[in-house]
Amino acid sequence: MTHTNHSIAADLVMQDLVDCLLAEDFFGALDAHLIEPIAWRAAHPDSQLADLQVPHKIWHWHYDAAEQRGLAVALRAGITQAWEKVPGTPVLDVQGQSTRQLTPDAFMALALKGVKVDAVDNDKGIELFMDVLRTSVGQTALSLDHQVPTEGLLEKDGAAFFLAMEQWGSLRDRPFHPLAKAKQGLDDEQYRQYQAEFDQPLALNWVAVAKSCLTFGAGIDALESCQPAQFILEPEQRAQLDAELRALGIAESHVALPVHPWQLEQVLPAQLGAAFERGECRRLSFQEGRFNPTSSLRSLACAAAPADHIKLPMAVYSLGASRYLPAVKMINGGLSEALLRQGRERDEVLREALHICDESKWWGYMPDGGTLFDEAPRHLSAMVRGYPPALLADPAKRLLPMAALGTPLPDSDQHFFDDCIRQRGLPAGPTSVLQLFGELCTLFFDVNLRMFRLGMLGEVHGQNAVLVYDAGTVSGLLLRDHDSLRLYVPWLERNGMLDPQYRIKKGHAQTLYHERPEDLLFWLQTLGIQVNLRGIIDTLERVYDVPAVQAWRVLRDALSERIAAVPFDDDVRAVLRGQLFESETWPQKLLLRPMIERAGGPGSMPFGKGLVVNPLQRIEFAT
């Protein structure tokens with residue numbers, strides 16, 4: 001890893017860190033601390049921000065008023081938040097007239113020193129946060145040496161194209177989250193081996209689990225006839241695995257589950273050591289097959305089965321949570337998938353445009369007397385995610401994770417829209433880029449608004465939402481990772497569907513059921529627009545110099561047109577227009593403060609709810 005890579009990584013993380021803190025009102029009101037550039041220049045003529053010009057401002061905030069020490073950050077008016085850091089500018093520690101440039105962890109240490117509120121009075125949470133922040137910078141730097149293929153994308157077959165775009169999307173991970181790249185638990189060598197952008201195929205380990213200690217999904221007819229190896233291994237490899245099971249005398253009593261090699265060495269001995277001692281679990285010698293990591297670290301493409309991916313627990317610490325794979329999540333995912341399939345049949349457009357992965361084939365360790373909410377079993381399980389084979393087999397179609405469109409390559413100006421423009425025969429330039437983005441927004445909003453009308457919304461950030469690219473246009477949206485389908489039950493029932501009765505631990509917070517339509521819409525506003533589509537806008541601005549405000553206007557127009565076109569009742573259309581266009585504020589997911597408060601506890605990615613400016617109103621006044 002070069003010094004240059006580390007500096008670039010620090011700048012990337014710093015941008016997201018400052019913007020995220022400002023959006024979450026971490027420092028309180030900013031106005032009293034904003035200084036005009038001319039006044040800053042007079043007081044600090046030799047500083048690295050002395051050349052800043054209007055309409056930008058300097059935010060000068062004292063973290064130590066007694067010593068007159070403060071932070072200085074160049075800000076500009078934003079679209080999705082009132083103020084954002086001016087890209088490419090340093091963050092300074094100011095003492096008198098002297099200044100020094102800060103790294104992300106040094107900046108955060110001083111920020112925490114100055115924020116005197118109970119919500120961050122959490123030594124354990126702060127220590128973990130700082131460690132994750134340093135890891136994020138270090139691993140972002142490693143990822144700059146990526147091996148993402150960019151040439152001849154449309155010449156690849158469906159599976160090879162899909163994998164290439166998964167690798168592309170992995171490079172940025174979750175847009176605008178300063179800690180997204182941190183995968184704690186992986187050293188540098190493991191990070192390069194297991195992150196998708198390095199294009200390093202691996203073999204999996206296998207563990208035989210007693211059938212009496214297995215629970216499994218609705219897509220499994222019988223353990224005897226439906227096992228993971230049948231889906232993800234070549235026939236010769238399956239024969240080798242079967243031979244080992246027979247040689248051990250456990251072919252009839254056990255089922256072989258694939259295990260990520262990191263999980264086998266780092267987690268299973270501590271979590272399931274007793275199960276191995278009892279013989280419920282047996283480590284096997286078999287280690288064959290070719291599997292490629294995707295944008296989700298624990299999901300791998302299978303060379304033997306282009307239409308199948310294998311999802312495994314891998315208990316690294318990422319986005320504020322440990323990435324295990326509990327049976328309860330897969331049960332809920334199965335309930336969601338059934339509901340999605342019902343919903344698709346209730347809308348003629350969704351029947352054609354909404355595609356759904358098959359996530360019903362899964363196996364999980366569940367010892368006698370165990371429960372769905374126990375810690376240990378969630379670390380040994382497997383799910384085969386089946387993609388619609390016709391989409392991968394059709395030579396005109398390609399599966400395109402939206403995350404890939406929201407990921408700029410650090411060492412080139414390439415983007416998939418280049419290939420699309422050539423295939424369509426469109427003239428190069430911003431007009432064609434905005435046309436393609438508008439078509440994408442129209443399809444994306446059409447599918448999601450029709451689902452909203454039925455009382456459901458998927459978790460449509462760029463990693464879960466996959467476009468069906470069809471001979472130059474986007475014709476459909478494929479959903480995966482169904483365990484986070486959000487619901488408004490009164491509208492489900494109005495459309496002839498029932499509450500799926502999700503399994504939820506009593507007394508624990510949940511985000512699947514919602515009391516109001518506005519609460520359900522939160523997920524489209526935040527994950528769908530503020531993360532997914534905003535990430536694409538941000539990337540188009542960087543790659544093609546398309547002004548962000550123009551792309552946001554294209555988004556606004558597509559959203560407004562689809563709200564008018566989808567057959568909503570008048571009261572529902574009024575809710576949508578009120579929340580999306582007329583409200584002065586939009587909701588946002590709070591990320592950083594909740595992570596500090598959680599301090600590494602169990603559960604999904606920690607978040608809270610806050611308010612930011614309405615981007616569809618901000619663009620009315622932008623130049």
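The values are calculated or read from the model by the stated rules, or taken from the named source; none is laboratory data. What you see is a predicted model; the values in this text were computed from it and never measured. Cβ placement follows ideal geometry from the backbone for every residue including glycine, while neighbour counts extend to all protein chains displayed. Keep in mind that these areas ignore ligands, DNA and RNA; they rest on the heavy atoms of the full protein, side chains included. Shrake-Rupley method; radii C 1.70, N 1.55, O 1.52, S 1.80 Å.
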Just to be sure I understand the model, the point goes 7 Å from the Cα along the line to the Cβ. What's the resulting residue 621 to residue 122 distance in nm? 3.4 nm
Could you give the angle, 0 to 90 degrees to the nearest 10, between helix 327-344's Cα long axis and the longest principal axis of the Cα atoms of the chain? 80 degrees
Out of 299, 154, 52, whose Cα points farthest toward the positive end of the dipole of the chain (charges: +1 Lys, Arg; -1 Asp, Glu; placed on Cβ)? 299
Efficiency of FRET between residue 4 and residue 516 - r from beta-carbon atoms, R0 60 angstrom, step 0.05: 0.75
Where the centroid of each part is defined by its Cα atoms, how far is the stretch 146-166 from the stretch 44-110 in Å? 41 Å
Measuring from the longest principal axis of the C-alpha atoms of the chain, the long axis of helix 534-544 (C-alpha) lies at a number of degrees, nearest 10, equal to 70 degrees
May I ask you to give the percent of accessible area on the stretch 1-149 that is carbon plus sulfur, with a probe radius of 1.4 Å? 51 percent
Taking 331, 232 and ranking on accessible area (1.4 Å, protein atoms only), highest first, one gets 331, 232
For the chain, what's the relative contact order in percent, using C-alpha pairs closer than 8 Å and at least 6 residues apart? 15 percent
Helix-derived mean residue ellipticity, 222 nm - over the chain, DSSP H n ≥ 4, -39500 (n - 2.57), to 500: -12000 deg cm²/dmol
Surpassing 23 Å at the alpha-carbon level, of the pairs 181/589; 329/506; 311/589, are 311/589
Crossing angle, helix 268-278 versus the chain [Cα axis fit, 0-90 degrees, rounded to tens]: 10 degrees
Residue 504 and residue 25 label points (each 7 Å along its Cα→Cβ direction) are spaced in nm at 2.6 nm
Placing unit charges on C-beta atoms (Lys and Arg positive, Asp and Glu negative, everything else neutral), compute the dipole magnitude of the chain about its Cα centre in debye, rounded to 20. 640 debye
Once both label points are put 7 Å beyond Cα along the C-beta direction, the residue 283-residue 394 separation in nm becomes 4.6 nm
Compute the signed sum of charges (Lys and Arg +1, Asp and Glu -1) over the other residues within less than 12 Å, Cβ to Cβ, of residue 237. -3
Quick tally, 1.4 Å probe accessible area for 155, 84, 620, sorted with the most first, runs 155, 620, 84
Quick check: with the 1.4 Å probe, what order do 83, 362 take by accessible area, largest first? 83, 362
Taking the Cα centre of each part, how many Å lie between the stretch 332-357 and the stretch 445-479? 11 Å
Looks like the chain, by Cα gyration tensor root eigenvalues a ≥ b ≥ c and the a/c under 1.5 rounded cutoff (else prolate when a/b is bigger than b/c, oblate otherwise), is prolate
Can you send over the carbon and sulfur percentage of the accessible area for the stretch 396-619, probe radius 1.4 Å, protein chains only? 48 percent
Under 14 Å, Cβ to Cβ, from residue 40 - net charge with Lys/Arg +1 and Asp/Glu -1: -1
If a/c stays under 1.5 just call it rounded; otherwise compare a/b with b/c (prolate if a/b is bigger, oblate if not). Do that for the stretch 1-119, with a ≥ b ≥ c from the square roots of the Cα gyration tensor eigenvalues. rounded
Please calculate how many Å² of accessible area the stretch 1-119 carries per residue, with a 1.4 Å probe and no DNA, RNA or ligand atoms counted. 47 Å²
Under the rule rounded for a/c under 1.5, else prolate if a/b exceeds b/c, else oblate, using alpha carbon gyration tensor axes a ≥ b ≥ c, the stretch 303-414 is classed as oblate
On the full set of protein chains, 1.4 Å probe, figure out the accessible area of residue 187 and give it in Å² to the nearest 10. 80 Å²
Solvent-accessible area of residue 288 with every protein chain in place, 1.4 Å probe, in Å² to the nearest 10: 80 Å²
Can you give the accessible area of residue 211, probe radius 1.4 Å, in Å² rounded to 10? 40 Å²
Excluding ligands, DNA and RNA, what is the solvent-accessible area per residue of the stretch 396-619 at a probe of 1.4 Å, expressed in Å²? 36 Å²
